[in-house]
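To start, the structure under review is shown below, and the notes come after it.
Quick note: the coordinates plus some simple rules give every number you see, no bench work behind them. Bear in mind the structure is a predicted one, so any value in this text is a computation, not a measurement. Neighbour counts run over all protein chains shown; Cβ positions are idealised from the backbone, glycine included.
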Amino acid sequence: MSKEPVALEGRGLVMRYGRRRDPVLRDCSFRLPAGRICALIGPNGAGKSTLLALAAGMLRPTQGTVRALGASPAESRSRIGYAAQTRPLYPQLTVAATLRLGAELNPGRWDQEVAERVAFGTDLDPSARIRTLSGGQRTRVALALALGKRAELLLLDEPMADLDPVARHQLMGALLAVAVEHGTSVVMSSHVLAELEGACDHLLLLGRGQIRLAGDSEDVLTAHARLTGASPDFAPHTVVESGTTGRGHTALVRPQGPVDATTWLVEQPSMEELILAHLRNPGAPALFTGSASPAPSQEAAA
Ligand SMILES: Nc1ncnc2c1ncn2[C@@H]1O[C@H](COP(=O)(O)OP(=O)(O)OP(=O)(O)O)[C@@H](O)[C@H]1O
């Protein structure tokens with residue numbers, strides 16, 4: 001098993017809200033090595049926000065365990081920055097007072113310069129009250145609180161969702177600069193694949209309550225190939241998605257052994273193509289590459 005430090009780990013997670021019969025997460029296990037910028041992807045309602053809230057210690061799992069930075073999320077709370085999708089902020093406070101509160105709540109860790117850069121990057125007025133801000137401006141303040149905390153693990157729920165293109169670009173730049181400078185581990189959910197592709201070096205794809213794909217982006221990509229040829233039989237390779245085009249039969253596969261390049265045209269799919277194929281085919285077998293392989297859940301290990 002990999003000895004690489006782990007930023008976030010879930011083992012046998014089950015999450016059921018109230019009396020709902022179907023759990024949102026079911027025996028969900030994963031391991032995120034430290035220092036990665038991880039895209040958390042999945043269809044609407046897959047449980048991305050739930051997973052991030054569990055990792056931040058804002059929810060407790062029905063079953064299973066979450067470890068964040070080597071301890072329970074509650075124990076690691078001061079080292080975790082979390083920007084929830086709902087951007088909970090005090091509506092009566094001004095932006096400047098909100099950042100002051102961030103500084104007071106994080107003594108010894110707070111980076112005012114980063115917080116101000118993120119919050120005031122455009123022309124946001126420090127004396128404006130939170131309740132008067134637009135959705136995008138509130139997002140900037142929520143991200144300023146998360147990044148200003150100099151967290152070791154940043155959990156960002158759709159961080160760019162309501163930002164304009166310039167603000168997105170600027171904030172992604174600020175986020176990456178902070179992450180590189182401090183070796184921060186980042187998990188961010190988003191539906192904008194192009195945005196994630198440029199920024200993230202690790203992937204967690206959630207579907208049907210479990211992790212379907214996990215690993216460093218390069219490893220996940222090289223574990224797949226697009227094959228095109230005359231035959232519809234792609235055995236022995238694992239087919240994620242297949243179809244027919246003008247060029248013949250084509251499939252996105254996980255090669256099981258060498259691919260016969262005399263039979264198939266072999267191409268490397270793009271990350272977007274690969275993710276879309278998995279989103280369209282949630283029944284494809286799960287793949288965990290390298291150090292992303294989860295430890296066996298306690299029940300399985302017993
Ligand atoms: N507080 C709650 N009480 C009951 N059900 C909830 C609650 N929060 C989330 N759910 C349900 O859990 C499921 C997963 O929701 P979640 O918000 O985690 O998904 P998501 O992947 O973040 O979705 P989206 O991409 O739409 O933001 C949904 O079916 C949702 O209705």
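An oblate overall shape is assigned to the range 42-94, the ratio a/c of its alpha-carbon gyration tensor axes (a ≥ b ≥ c) being 1.5 or greater and a/b not exceeding b/c.
Please compute the net charge surrounding Leu203, taking Lys and Arg as +1 and Asp and Glu as -1 over other residues with Cβ under 15 Å from its Cβ. Within the 15 Å Cβ shell, the charges total -3.
Placing +1 on the Cβ of every Lys and Arg and -1 on the Cβ of every Asp and Glu, with nothing else charged, gives the chain a dipole about its Cα centre of roughly 1240 debye. Just so you know, the averaged projected area of the alpha carbon convex hull for the range 218-286 sits at 4.5 nm².
Over the chain, one equal point on each Cα, no solvent: what is log10 I(q)/I(0) by the Debye formula at q = 0.10, 0.14 Å⁻¹? Results for the chain at q = 0.10, 0.14 Å⁻¹ read -0.59, -1.04. Spin-label model, Ala194/Ala103: points 7 Å from Cα along the beta carbon direction are separated by 3.9 nm. Report the relative contact order of the chain, percent, no decimals, based on alpha-carbon pairs under 8 angstrom and at least 6 residues apart. With pairs under 8 Å counted, the relative contact order is 22 percent. The calculated P(r) of the range 157-257, using every Cα pair and 5 Å bins from 0, goes 2, 10, 16, 18, 15, 12, 11, 8, 6, 2, 0 in percent. Note: relative contact order over the range 218-286, using C-alpha pairs below 8 Å and six or more positions apart, is 39 percent.
Starting from the coordinates of the alpha-carbon atoms of the range 8-133, obtain the Kirkwood hydrodynamic radius over all distinct pairs and give the value in Å to one decimal. In the range 8-133 this quantity evaluates to 16.7 Å. Please give the Cα centre distance for the range 25-68 versus the range 101-134, rounded to the nearest Å. Each part's Cα centre sits 27 Å from the other's. Count Lys and Arg as plus one, Asp and Glu as minus one, and take only other residues whose Cβ is under 14 Å from that of Thr50; the net charge is then +3.
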